[in-house]
């Protein structure tokens, strides 16, 4: 049993602490004076916008140079092989998912995850085949950020563009670190294997949005702002999925009433989360 | 007394009956909206399947369907948000014209890349007395179908789509956020936004031609 991987954990903790601490110290954007611009600034909830945009440019450069080509190469391997690889990565997250569902009080999902893990690992050749999914047990995804939201941290905080990890906020950054610590597999792997696995997960995720992300980048005038909005709405959907009464109607846009009618001064996460739940 | 009120009631009823066919009754709007969205999708799929069309013809036909189906005017005003409040009419009209070209270039052109053939409306729910949410599944080859929600409004007896939501992400909310950011960084100038949109349209047209 190797505990060399504890160095990966210390590194993750140090990185997260640095990011959160420096977020507080690094130059914030100055709030604009114009009332319309000020209202937009408040809705965006992105006081660190200048820094975030710089990190975003860096992320895009890394994406263009390394991640996207890797994702494209990954996309070119036979579909069956790719699905197996994807399923194995997902299966390996089962312990973390299980822990989070328990913490959220969702014993039903925790039990499903448990069953899926054993079924897929044994009958599915180490998770390569999602046999459990085929018998009607779908994969349920979650993370510690969602757990925190369920515990009452409903406002994730200002927008944070993390190096490499991408869009986030203080709550979800803490979630990333905690999930890393919760993962038992990491206690059996070396630092290199940990990084390798994270990179593999990154490429796997990147492959899934290959076409759509490029399309959004191509057509956006302000790609940063578009992504910020997309991320926030999607995240709110992930957190609220399955919660009855979370069906917040989007602002009305009928012709008869002034389109700029009562525009509630909500925080961005609320303004961007105004979409119906399923 | 009785005769007058009888005639009065009769004429009111006749008047109501004359008006009724022009607008779907509130109870009918969701069903009509569902049929409307399905018919638009059928038209798009038919255009995409038609191999005899040149690329330009296909894009132009897709643009027609898009403009017929979506209330681009209302969406254009919505995504401007509070920044549109004090805009002089000329600037506003210039913006709306450019916005129309922009959405055709970005969204209608996207239909061209859709390779799937499966589109089915799964259910409709009312959205106020004059609207409905239409839920649909779009099939993609080799992948799980995506659930797409269409927000439909009855505007002057015509049905129009006013928003599209996928996995909790609303098209118009996203677009409004982007425009708010651009306007915030450009002193709230709608003409400046219009110029940036025109630049983007030019850029996209260049790539499409190459």
Item to check | For residues of B:84-93, the mean tally of beta carbons on other chains within 10 Å | outcome: 1
Checklist entry - Once both labels are modelled 7 Å past Cα along the beta-carbon direction, what's the residue A:29-residue A:61 spacing in nm? => result 2.2 nm
Checklist entry - Alpha carbon centre of region B:53-94 versus region A:76-137: separation in Å? => result 44 Å
Next on the checklist: How far apart, in nanometres, would the label points at residue A:13 and residue B:186 be if each is projected 7 angstrom from Cα along the Cα-to-Cβ direction?
Outcome noted: 4.8 nm
Checklist entry - Taking the simple approach of a point 7 Å from Cα along Cα-to-Cβ for both residue B:144 and residue B:64, what is their distance in nm? => result 3.8 nm
Checklist entry - Per residue of B:193-200, what is the mean number of Cβ atoms on other protein chains within 10 angstrom of that residue's Cβ? => result 1
Checklist outcome for this item: Between residue B:86 and residue B:157, the FRET efficiency computed from the C-beta separation at R0 = 22 Å comes out, to the nearest 0.05, as 0.10
Checklist entry - Using the C-alpha gyration tensor of region A:89-136, what are the square roots of 5 times its eigenvalues, in whole angstrom, with the largest one first? => result 19, 11, 7
Next on the checklist: If R₀ is 56 angstrom, what is the calculated FRET efficiency for the pair residue A:212 and residue B:6, using the beta carbon separation as r and rounding to 0.05?
Outcome noted: 0.30
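Quick note: the coordinates plus some simple rules give every number you see, no bench work behind them. Everything quoted here is computed from the prediction, not taken from an experiment. All Cβ positions, glycine included, derive from the backbone under ideal geometry; neighbour counts span all protein chains shown.
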